[in-house]
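One structure below.
Just so it is clear, none of the values below were taken in a lab; they were calculated from the coordinates. Bear in mind the structure is a predicted one, so any value in this text is a computation, not a measurement. Heads up, the Cβs are rebuilt from the backbone with ideal geometry, glycines too, and the neighbour counts pull from every protein chain shown.
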Amino acid sequence: MTWHETERDWLAEALRAADPHDPTLCEGWQARHLAAHLVIRERPGQAAAAVRGGLAAATERLAATASDAAGYAALVDRFAVQPRRWSPLAWAGDAVNATEYFVHTEDVRRGAGDRAPRELPEGLVEVLWSQLVRMAPLRLRGLGPGVVLVRDDDVRSAVHAPRSGHGTVVLRGAVGELVLAVSGRLQAADVRLDGADEDVAVVRDLLTGP
């Protein structure tokens with residue numbers, strides 16, 4: 001199995017362990033909304049219709065069908081099935097889904113209160129790190145302070161250069177925790193920030209969700 005296939009199983013398992021009304025790290029979304037988002041995202045016809053009619057409204061409508069245990073289980077089961085081979089998300093594989101599925105699994109787990117980091121397979125750690133160092137410069141674009149990411153094995157990457165008048169902030173943690181931090185979930189990530197207080201405050205503000 002590829003990593004995204006394995007992670008799909010983990011994400012489906014996390015969703016099944018949750019109540020449909022459990023909170024997630026995604027602002028305003030319960031577990032049922034996240035399941036609806038995943039189903040819409042992976043079915044081109046449904047996604048196109050949702051965009052035409054308003055993605056937020058489509059997500060809300062589908063989530064409404066999952067308000068009870070039976071409806072929620074059916075929705076999660078729809079996500080758990082691998083997309084057909086002609087689906088663009090099936091072609092993209094790990095490149096599109098590895099980080100997406102990891103983050104959403106943690107959205108479910110940590111939104112419901114389980115903040116303990118999971119122990120990830122080494123191969124998945126390297127995939128997440130590779131995607132993180134490519135994603136981070138875009139996520140941090142326009143930020144005044146520079147940012148250096150340092151893994152817990154001391155591998156590091158300077159992902160954003162400081163602008164005039166700012167220093168550099170170092171984010172330290174396990175790769176999965178750094179992924180969560182850079183994706184805007186710093187408040188739920190086990191990451192340490194080192195740098196001048198004013199620079200740390202700017203970075204923390206950008207990376208902390210509502």
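Nearest 10 degrees is fine. How inclined is helix 197-207 to the longest principal axis of the chain, computing both from alpha carbons?
Roughly 20 degrees, rounded to the nearest 10.
Return the sequence-ordered ³J(HN,Hα) values of segment 170-175 in whole Hz as given by the Karplus equation 6.51 cos²θ - 1.76 cosθ + 1.60 applied to θ = phi - 60°, using x for Gly and Pro.
Per residue, the Karplus-derived 3J(HN,Hα) values read 9, 9, 10, x, 5, 4 Hz.
Could you please report the charge total around Y72, scoring K, R as +1 and D, E as -1 over all other residues with beta-carbon less than 13 angstrom from its beta-carbon?
On the way: positive: R16, R32, R78; negative: D19, D22, D68, D77.
Net of charged neighbours comes to -1.
When a/c is below 1.5 the answer is rounded, else prolate if a/b is larger than b/c, else oblate, so apply that to the chain with a ≥ b ≥ c taken from the square roots of the Cα gyration tensor eigenvalues.
Prolate shape, in that a/c is at least 1.5 and a/b is the bigger ratio.
Using modelled backbone amide H atoms (1.01 Å from N, in-plane), which distant-in-sequence or interchain residues come within less than 5 Å of H160's amide H?
Distant-sequence amide H within range of H160: V147.
Add +1 for every Lys or Arg and -1 for every Asp or Glu among the other residues with Cβ under 13 Å from the Cβ of N97, and state the total.
Values: positive: R8, R41; negative: E5, E7, D9, E42, D94, E100.
Combined, the nearby Lys, Arg, Asp and Glu give -4.
Kindly identify segment 141-186 as rounded, prolate or oblate by the Cα gyration tensor criterion: order the square roots of the eigenvalues as a ≥ b ≥ c, call it rounded if a/c is under 1.5, otherwise compare a/b with b/c, prolate if a/b is larger, else oblate.
Working: a/c = 2.82, a/b = 1.59, b/c = 1.78.
The shape class here is oblate.
Mind putting a number on the dipole of segment 68-210 about its Cα centre? Charges go on the C-beta only, +1 for Lys and Arg and -1 for Asp and Glu, and I need it in Debye to the nearest 20. If you can, show how the numbers build up before the last one.
Working: 17 positive and 20 negative charges, 97 e Å.
So the dipole magnitude of segment 68-210 works out to roughly 460 debye.
In deg cm²/dmol and to the nearest 500, what is the mean residue ellipticity at 222 nm of the chain if only DSSP H runs of at least 4 residues count, each as -39500 (n - 2.57), divided by the residue total?
-17000 deg cm²/dmol
How far, in degrees from 0 to 90, does helix 122-139 lean away from the longest principal axis of the Cα atoms of the chain, to the nearest 10?
Helix 122-139 sits at roughly 70 degrees to that axis.
Using the reciprocal of the averaged 1/r over all distinct C-alpha pairs, how large is the Kirkwood radius of segment 116-210 in Å?
Numbers: mean 1/r = 0.0759 Å⁻¹.
One decimal place: 13.2 Å for the Kirkwood radius.
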